[in-house]
Each structure stands twice: as structure tokens, then as C-alpha cells.
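The values are calculated or read from the model by the stated rules, or taken from the named source; none is laboratory data. Nothing here was measured: the structure is a model prediction, and the numbers come from that model. Here the Cβ positions follow ideal geometry from the backbone for every residue, glycine too, while neighbour counts run over all protein chains shown. These area figures cover heavy atoms from the full protein model, side chains too; ligands, DNA and RNA do not enter into them. Shrake-Rupley method; radii C 1.70, N 1.55, O 1.52, S 1.80 Å.
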Protein chains: 2
Amino acid sequence: MSPEQKYVVGVDLGGTNLRLGLANRDGAVVARWSCPTVGIRDPKLVVDLIRDGVDHLGRQASVPRRDIHSIGVGAPGITNVEAGVVIATSYLMGWRDVPLRDLLEAALGIPASVDNDVNVAAIGESWVGAAKGTRDFVFLAIGTGIGAGIVLDGRCFRGAGWTAGEVGYMLLPGTPDVPAGRGQPGQVEEMLGGNGVKSQWQLIWKGDATTLPKDLTATEIFDQALFGDSLAIGILRRCAHILAQLIYNIALVLNCPLFVLGGGVGMHSGLRDETQRLLDQWGTRVQPRLALSSLGTDAQLMGAIRLALDIGQSQTAHPD
Amino acid sequence: MSPEQKYVVGVDLGGTNLRLGLANRDGAVVARWSCPTVGIRDPKLVVDLIRDGVDHLGRQASVPRRDIHSIGVGAPGITNVEAGVVIATSYLMGWRDVPLRDLLEAALGIPASVDNDVNVAAIGESWVGAAKGTRDFVFLAIGTGIGAGIVLDGRCFRGAGWTAGEVGYMLLPGTPDVPAGRGQPGQVEEMLGGNGVKSQWQLIWKGDATTLPKDLTATEIFDQALFGDSLAIGILRRCAHILAQLIYNIALVLNCPLFVLGGGVGMHSGLRDETQRLLDQWGTRVQPRLALSSLGTDAQLMGAIRLALDIGQSQTAHPD
């Protein structure tokens, strides 16, 4: 970063929202901008939106474009970090082999770096969040889908084909004994993802067994479990059991001492507490500590800012 | 390694046998020695045996002790490679916090390096075996017990507490849904380990359903499956299904393209073929290739030789 280039942009690109942050060299966010992305699939339109956002941020903070060093993006799909290419996203965006880094660099005239959103969130938590100072940990994002960002020896581990951490598809006791088919949600997602938890609730819901409505979100169900609803307690316990199994299996492979739980479902303290209790009860073979994401919905944004700051540093996968 | 020090010793230390090899700088084994270790638990006696073995090797190959640069050991338990301490072995040896590296260096007067036996076997396969040239792979040892040696980006990954790869305890569809208790065999070991396969056979064996005897080893059962015995075919298919689930789960976490199968049970080609068929059939999310160990019972010995050669090199965890 040259002396006059004092700022970077971080981008959290999701299937429903685009969020941008302008940050200084210390990672302090000095301006924010966001817009919906529902229905927008064309990569060129997404890049146009990002360019608009960068312009907005500059005006908002009175920072000229020439003072912006670089941009980092967390993308919702499998991403080849070396090539800067989003290999595949879910059906929402339907991207295949989109050279997002090149598109951004051409549109903005500054270096760009692109990574998978869950990896980027893990990088954020590692830098300024719940995993700060921990060299080995797993960030588990549990929302509609489930995925893991793996940090080993202080570096994000992405796997030979850029798909490390696809743990929403893990086979566990109680799941079908062959993997979910192509285009299907993973087995763990079916049980522990936001829609899976809702479906479980609707399946066991009976008007004479609870005073609660049939239509509740996963976090509302967990909340009601903490308030003492016995049906909801059953769901929370089942989800915690599945999450404990998932974490136990990952910990057997990686021997990671810390799991950071993020995402709309994963960040519920009731789920964390019950899962930790089970893991502690299961004994000494692996004893991971579970922490809630401390950055919450900003984990990806902060990780993307870190990606941008790393451009030109020796540790980056994409030195400019 | 100084110019006159032309040799190293590799040690495969097991619960039933101790095997030593004297190798030159290129890893060519010029002399071998072995002896039983059944009933020998005292670490000092084991070190005495190793010292005897080194003397034997020297005489056998007419190599004076001063020409031996270093010694590497694969130990049957959780090992702190940095400290050279065997933290815990199975009940057979019952070791706890044995400073094996220091004991060997004191007894032999040359630098020593110690690692877990499965990790050492993975290093052997990586160096001169079935994983040569592959930067990311998992070595799966399937014998009485089951464990994984994980190589990521060309380096053995051992985990924050030195227990990465304890996959014999993984929770899978069909296993109990809470982990095995302390001191118990792992759930996967119960089904896929040598004794587990034998027990399955004895459980389903009926004199009028097969012409085979009730007392067969795991590999004999797999052999008979290939010869067409329908009971044995059932066992082989069940084992392959469990192994495919185990590999699938590990591959989801690590995105490793290659699994090398070793150990008495794991090296059966019938098991490999049926497991590969299942993984191929399960589709495209992860598609690991399964290879049989090409070093077989020498995998640990060759890995131990590599450990010894690495002492004093920059990549070793224990520079002298």
C-alpha cells in the first residue's frame, strides 16, 4: 500500500444482500453501504452494483478513488482464490466459473481479492473476532445452509479443489446412510439448517401440546425452548445433539481446540450451551470449546477487509 | 549431515514387533533387524532393544556407529513431535508421557526424532509410496485399530493437541449416536477393524449358509467374498459401505483428492474396489481416489527413515 492509499473496501456478497464497508489501514470501518441483490444474477450487474457502492462510500467519507488501495470480496460459493474465480454458487445466483476478480479489477482499476464467504468470515473472526489469537479453529456458519471455514496454523485451509469444509453434507447417526443427491440440501442442513429446524417444529407441532404458533423461525423456536416450552426444548436438544456429533467428527479429523459458531441459527446461545454440555459429557477424546461469533453479521465484511489489506503483503494468495 | 555420516536408522515400534532399518542418504535400506516386543512395556527396555538393534545393523552392514547420523521412530501412540514425547499409547504398552527422544539420544549419542506411527506411515507413502507427488492426501491405517495420517500442502498435519486423524471414533449412520466411552474401541473400529470384521462374521455365520469355518480373519473373509461366498460378500459390502462413509466425511472436511489405504485390513484390494465403486456412485460432491499402500508393512519404516534424514534440515520439527 503506497503512503497516500489509506483505505480499502470489503464486500459481503450474498444471495439477498450486498454490503460494503470502507475501512482504513487499521481495519476501522469509516463508511458502510448496502443494497438488495434479490433477483440479480448477472455477474456484470453485480459488479456494477459494487462499483456504485464504492462511489457512494467515497462520497460518504470524502475519500477520493485514488486513496482506495484495493477491494476484497466474500462470495457465496466455491471460489478458486488463486485465480479469483467463483467456480459455483447455489441455485440463487447460479454462477459457474465467474472471473469475479478480473471483472472487479477492470471495473474499478484497483487490485481485488475474492474468497468463499464462509472462509472470509473465518478470516474475520481470526483477525478481530472470537478466534483472535487462536492458530487452529473452525468457523461453523449455520443458517439456511451449513459450511465450515477452517484455519490451521493461522492460515485459512481451502482444500485441493477449494471445497474444504462442506460439512453440511456429513453423514451422521440418524441421517440417511448414503449422501444427499446432486442439488439436494445436505443431510445435516436438512436437520440443523434454518428451514430444517422449522420443518421439524411443524412436524411435531400439535395445538394441544403447546400454546405457540405452528409458524416459527429456528431462532424463535430456540428462544421458546429457553422459556420452557417442552416441544421447543425437544427440538433444541435434537439440534444440539446433531451439532455436537458434527463438531465431534470434525474435531476427530482436525484436533481443533475451538469452534466459532456463526450464522442466524448457529449464533443462538441456547444451542451453543446445550451443544457444549453434550460435548463435555462425551468425555476426553476431543474437547473443543464452542464460542459464538463475536462479529455476527459483520464477520464476512471484516474478513473481506482483511483480504483487501493483504493484497500486496507476502501472505496473500494473490500478490499484486 | 556431515560428509562422513552416510547412514540413518529408521524404527517401526509396534505393540508386537520392533523393526529397524539402516538406510543410506538416498533412503535405500542396506540392513534390517527385528525382534518381538510382546510383554515389553518399560520404555528403558525398549530403548535397550533399539540400541542392540542399531549395533546389530552396524555389524551386519560394516558401518561404524560414527557413520550413523540420526534415528527416526514411529511410535504406537499420540506423540508430541516438538518435545519428542510419546503422550499416550494403547493399553498394550500403557505409556504415558515417555520422553522417547531424550532416552534415545542419551542411549545412542545421536539425534533422534519421534512421531506417531500412522503419521510416519503417511510420511513414508508421501516420500516413496502411493502418494508420491501428491501434496494433499490421507493415509488410512486399518488394522485392529483405525487411524489417519493427514498430509496437507506437502506437510504432515498433526493437530493442536497432536491427535488429528483419530477417525476410528467417528460417528456414522449405523453407529451408536454418542461416542464410545474412554478406553473403548472406536465405533468405526468395532465394525471395520480386524476384530470387528471377525465378530460380524461370527455373528451371521450359520453352518447351513456357508461351507466356510466360523473362525476366519478379516482378510480371509474378504478373500472368500471374492471367491463368491454369499455370507462373506455381505460382510465385504457392509465394510465397504462403512469405509466409504468414513472417507466421504473426511473428504468433506479436507477436500483431499487421494486416500491411501494401509494396514492388514485396509490393504485388501476387494475392500478398496467395492469402496471406490460406492464413492463413485455417490456422485460428484467429493470424488476421492483410493489407492492401496505401495509400501505395505514398510510404510512406517520408510517414514521413520525420512524423519531421521530430515533432522538438521530446515523442514524438520526438531532441528538439531
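Where strands (runs of 3 or more DSSP E) fall wholly inside region B:2-43, the ranges with 1 or more residues that are at pLDDT below 95 and within 17 Å of the chain's Cα centre (by Cα) are B:17-24.
Quick one: is residue B:84 closer than 30 Å to residue B:268 by Cβ, open to solvent by less than 10 Å² (accessible area, probe 1.4 Å) and modelled with pLDDT of 95 or more?
So residue B:84 does not fit the description; no.
Scanning region B:188-220 for residues that are open to solvent by less than 50 Å² (accessible area, probe 1.4 Å) and within 27 Å of residue A:248 (Cβ to Cβ) yields B:188, B:189, B:191, B:192, B:193, B:194, B:196, B:197, B:200, B:218. For residue B:160, the stated conditions hold: it is of a type in the set (A, V, I, L, M) and either assigned to a loop (DSSP other than H, G, I, E, B) or touching a strand residue (DSSP E or B) at 6+ places or on another chain (Cβ under 7 Å) (or both).
With the structure loaded, tell me whether residue A:223 is surrounded by 14 or more Cβ atoms within 10 Å (Cβ to Cβ) and not in a helix (DSSP H, G or I) or whether it fails that test.
Taking the combined requirement at face value, the residue does not satisfy it.
When the residues of region A:144-168 are filtered to those that are more than 7 Å from chain B (Cβ to nearest Cβ) and open to solvent by less than 20 Å² (accessible area, probe 1.4 Å), the one that is nearest to residue A:77 (Cα to Cα) is A:147. Say we look at region A:169-203 and pick out the residues that are hydrophobic (A, V, I, L, M, F, W, C) and part of a helix (DSSP H, G or I); which of these is nearest to the other protein chains (Cβ to nearest Cβ)? Among residues in region A:169-203 that are hydrophobic (A, V, I, L, M, F, W, C) and part of a helix (DSSP H, G or I), the one nearest to the other protein chains (Cβ to nearest Cβ) is A:188. Picking from residues in region A:247-270 that are within 16 Å of residue B:253 (Cβ to Cβ) and in a helix (DSSP H, G or I), the one that is farthest from the other protein chains (Cβ to nearest Cβ) is A:247. Only residues that are free of Cβ contacts under 8 Å to residues at least 24 places away in the same chain and in a strand (DSSP E or B) were counted across region A:145-157, and they come to 1. Return a yes/no flag: does region B:204-215 have any residue that is within 13 Å of another protein chain (Cβ to nearest Cβ) and assigned to a helix (DSSP H, G or I). Checking region B:204-215: not a single residue is within 13 Å of another protein chain (Cβ to nearest Cβ) and assigned to a helix (DSSP H, G or I). Being more than 14 Å from chain A (Cβ to nearest Cβ), over 20 Å from the mean Cα position of the chain (by Cα) and modelled with pLDDT of 95 or more is a description that applies to residue B:234. Looking across region A:33-47, the residues that are without any contact (Cβ under 8 Å) to a residue 60 or more places away in the chain and open to solvent by 10 Å² or more (accessible area, probe 1.4 Å) come down to A:33, A:34, A:35, A:36, A:38, A:39, A:40, A:41, A:42, A:44, A:45.
Of all residue pairs spaced 6 or more apart or on separate chains, those with beta-carbon atoms under 9 Å, a first member in region B:8-25 that is among the acidic types (Asp, Glu) and a second member that is open to solvent by less than 10 Å² (accessible area, probe 1.4 Å) and assigned to a strand (DSSP E or B) are B:12/B:18; B:12/B:20; B:12/B:21; B:12/B:73; B:12/B:74.
For region A:48-94, give me each residue that is in a helix (DSSP H, G or I) and either of a type in the set (S, T, N, Q) or touching a residue at least 60 places away in the same chain (Cβ under 8 Å) (or both).
Listed by number, the residues that qualify are A:60, A:66, A:67.
Of a type in the set (A, V, I, L, M), over 30 Å from residue B:253 (Cα atoms), touching a residue at least 12 places away in the same chain (Cβ under 8 Å) and assigned to a loop (DSSP other than H, G, I, E, B): does that describe residue A:231? So residue A:231 does not fit the description; no.
When residues in region B:234-275 are screened for being open to solvent by less than 10 Å² (accessible area, probe 1.4 Å) and of a type in the set (S, T, N, Q), 3 of them pass.
Residues that are under 13 Å from residue A:9 (Cα atoms) and crowded, with 23+ Cβ neighbours inside 10 Å within region A:58-77 comprise A:70, A:71, A:72, A:73, A:74, listed in sequence order. Output the residues belonging to region B:170-184 that are crowded, with 23+ Cβ neighbours inside 10 Å and in contact (Cβ under 8 Å) with a residue 12 or more places away in the chain. If the condition is that a residue be crowded, with 23+ Cβ neighbours inside 10 Å and in contact (Cβ under 8 Å) with a residue 12 or more places away in the chain, then B:170, B:171, B:172 are the ones that fit.
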